[in-house]
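Values quoted throughout were computed directly from the atomic coordinates according to the rules given, and no laboratory measurement underlies them. The structure displayed is predicted, hence computed values, not measured ones. Virtual Cβ from ideal backbone geometry, glycine too; neighbours counted across all protein chains shown.
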Amino acid sequence: MQTIHVDHVSKAFGSLNVLEEVDITIPQGEFAAIVGPSGCGKSTVLRMIAGLDYPTGGKITASEQPIQKPDPSRMLIFQEHALYPWRTVEYNVGFGLELAGISKKERTAQVDAILAKVGLDGFQKYYPHQLSGGMRQRASIARALVMDPEVLLLDEPFGALDAITKISMQNELLRLWEGTGKTVLLITHDIDEAIYLADTIYVMSPRPGRIVESISIDTPRPRNRNAAEFAAQRERIMKHLDLSHH
Ligand SMILES: Nc1ncnc2c1ncn2[C@@H]1O[C@H](COP(=O)(O)OP(=O)(O)OP(=O)(O)O)[C@@H](O)[C@H]1O
Ligand SMILES: [Mg+2]
C-alpha cells in the first residue's frame, strides 16, 4: 500500500508555468480531493503521480520511491473516457487483466463482477458507441477498478454523468474504497462531491496552480449534503476559490 508525496513540485510546459511549489501528502488509505479552476494544473498533477509526465522542479514519491513510470498499482481514470472504440465493453474492461496474464475464465468472472458493480451487467458484448455517455464513463471506471489498484487517481470521473447516476456512483466509489486501505486522489469541479467523499480537500489557485488551502473533512460518513456543517464547509471552499458573494 502506498503513501503519495508531492514535494515542492513545479511544472512548466516551455515558458508556461503551470504548477508552482505544490505540496500534497496523501497517507496510505486516505481519500483526498483537489478542487480548483479550469486550467490550474489539476490533471497535470494527476498525470505526474500516474508516471505519465515529470515535474520540472521538486519530486513525487510513492512510499518514498520516486515515481518514474506508470505502474499497475496506480490506476488513472482519465477526464475523458478512453475506451477502444473497436472493442467490446468486456474486452476493454478485461484488457489490463489479460496483459497481467490472468486466464480467460478468471478474467470473465472479474469483469462480470465489476460490471455489475457499476451497473453495466448485460452490456459485456456492446461496443462503446452503443452505450450512453454515462455508461461509457462507467465502463472506463470499471476498467481501472478491475485491476484492484493500491492507488486510484480519478480525473473528474463523474463530470459527464447525470445528477442521479452521479450520486449513485459516488456511493459506489465509497463502498469500493472503505476498509480497503486504497489511497485515492479525486479531481473534481464539484465542491459538494469533494465534501461528500474526501478526508482532505486541496484547493488550488488559478494557473500557475498552487495549493491555497488544505481542508480536513472529519464529518463521519455517510455525510448529509443538507447539513449545516456541510454548508459551512462548502462556503469555506467557495471563499478560497473566490466564488462566495461579496
Ligand atoms: N502536454 C502539454 N503541453 C503543453 N501545455 C500543457 C500540456 N498539458 C497541459 N498543458 C497546459 O497546462 C495547463 C494546465 O492543464 P491541466 O490539464 O492540468 O488543467 P486542469 O486544471 O486539469 O484543467 P480542467 O479543469 O479544465 O481540466 C493548461 O494551461 C494547459 O494548456
Ligand atoms: Mg483537467
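Pairs of alpha-carbon atoms within less than 8 angstrom and 6+ residues apart define the contacts here; what relative contact order does the chain have, in percent? Present the calculation step by step, with values, prior to reporting the outcome.
Working: 462 pairs, mean separation 67.6, N = 246.
After rounding, I find 27 percent.
Around D23, with a cut-off of 10 angstrom between Cβ atoms, what is the net charge of the other residues, counting Lys and Arg +1 and Asp and Glu -1? Don't jump to the answer; show the numbers that get you there.
On the way: positive: R210; negative: D7, E21.
Residues close to D23 contribute a combined charge of -1.
Of the trypsin sites (Lys or Arg not before Pro) in the range 80-156, which ones lie in a loop per DSSP and count no more than 10 other C-beta atoms within 10 Å?
Within the range 80-156, the qualifying trypsin sites (Lys or Arg not before Pro) (loop, at most 10 other Cβ atoms within 10 Å) are K125.
Explain nothing, just the number: dipole magnitude of the chain about its Cα centre with +1 on each Lys and Arg Cβ and -1 on each Asp and Glu Cβ, in debye rounded to the nearest 20. Write out the running numbers ahead of the final one.
On the way: 26 positive and 30 negative charges, 121 e Å.
For the chain, the charge dipole is close to 580 debye.
May I ask for the longest run of the chain untouched by GluC sites (Glu not before Pro) that are loop-located per DSSP and have at most 16 neighbouring C-beta atoms (other than their own) within 10 Å?
On the way: sites that count: E64, E80, E178.
Segment 81-177 is the longest.
Using a Gaussian network for the chain with springs between C-alpha atoms less than 10 Å apart, which of these wobbles most: A139, A113, A198?
Looking only at A139, A113, A198, the largest GNM fluctuation is found for A113.
Excluding same-chain residues fewer than 8 positions from K166, which lysines have a Cα within less than 30 Å of its Cα?
Within the straight-line cut-off, K166 pairs with K42, K117, K125, K182, K239.
If one computes the Cα centroid of the range 185-246 and of the range 28-58, what distance in Å separates the two points?
17
Along the charge dipole of the range 1-119, pointing to its positive end and built from +1/-1 on Cβ of Lys, Arg, Asp and Glu, which listed residue (L115, A50, Q2) has its Cα farthest out?
Positive-end residue among those listed: L115.
Relative to the present Cα-Cα distance, how much length would full extension add between E229 and Q130 at 0.36 nm per residue of separation?
Numbers: separation 99, 0.36 × 99 = 35.64 nm, distance 4.23 nm.
Length difference between fully extended and current span is 31.4 nm.
How many percent of all Cα-Cα pairs in the range 28-81 sit more than 18 Å apart?
Working: 511 of 1431 pairs.
That fraction is 36 percent.
Where the Cα atoms of the range 83-180 are projected onto their three principal axes, how long is each span, largest first, in whole Å?
Sorted largest first, the three principal extents are 36, 34, 21 Å.
Through the Karplus equation 6.51 cos²θ - 1.76 cosθ + 1.60, θ set to phi - 60°, convert the phi angles of the range 87-102 into ³J(HN,Hα) values in whole Hz; use x for Gly and Pro.
10, 5, 3, 4, 5, 4, 6, x, 4, x, 5, 4, 4, 7, x, 6
What is the Cα coordinate range of the range 113-232 on the first, second and third principal axes, sorted by size from largest, in whole angstrom?
45, 34, 28
Could you list log10 I(q)/I(0) for the chain at q = 0.08, 0.13, 0.14 Å⁻¹, which the Debye formula gives when each Cα is one point scatterer?
-0.31, -0.82, -0.95
Kirkwood-based Rg over Rh for the range 164-246 (C-alpha set), two decimals? Before the final figure, lay out each step's value.
Working: Rg = 13.3 Å, Rh = 13.8 Å.
My calculation of the ratio gives 0.97.
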